[in-house]
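Here the structure comes first, spelled out in structure tokens, and everything after it is commentary.
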């Protein structure tokens, strides 16, 4: 029962955070004060997978410094984002997200900062922090 409530908890918080941040970023980008945000039905399944990342990391990296685990989580979330985006793109012809135009400027030169438009370098700090905070959320939900 604890795993079911944890999966539901991650789906709910994931969808909520995604719509929240999408609405803020969209409002800033378009200068539209309506705060319109959206997500995709695919995200329910993707967020339902996240607790299994925590189960794996906590089982195999117990006692590891939380900041090191943050790096492990970051790579795990990148892997989840890449694989799920790739599979959805194969299944329906398009990924729910597209980072093909993402690039980073270093010393005045532009570099591509995405991999096949499915993951982007800019999300590294987000995945790192989400990994660390999510571990505490995971433990909380599992102990309810």
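Calculated from the alpha-carbon coordinates, the chain shows an Rg and a Dmax of 16.4, 53 Å respectively.
Rounded to whole Å, the principal axis extents of the Cα atoms in region 1-82 read 46, 30, 20, largest first.
Gain in length, residue 4 to residue 58, computed as 0.36 nm per residue apart minus the alpha-carbon separation, to one decimal in nm? Provide the component values of the computation, followed by the final result.
Working: separation 54, 0.36 × 54 = 19.44 nm, distance 1.77 nm.
Full-extension gain reported as 17.7 nm.
Using the Kirkwood radius over Cα pairs, work out the Stokes-Einstein diffusion coefficient for region 72-126 at 4 °C and 1.567 mPa s, in µm²/s as a whole number.
On the way: Rh = 11.9 Å.
Answer from the Stokes-Einstein relation: 109 µm²/s.
Only Cα pairs under 8 Å and 6+ residues apart enter the sum, and on that basis the relative contact order of the chain stands at 25 percent. Only DSSP H runs of four or more residues enter the estimate; each adds -39500 (n - 2.57), and after division by the residues of the chain the mean residue ellipticity at 222 nm equals -23000 deg cm²/dmol.
Every number in this text was worked out from the coordinates using simple rules, so none of it is lab data. Predicted model only: the values in this text are computed from it and were never measured.
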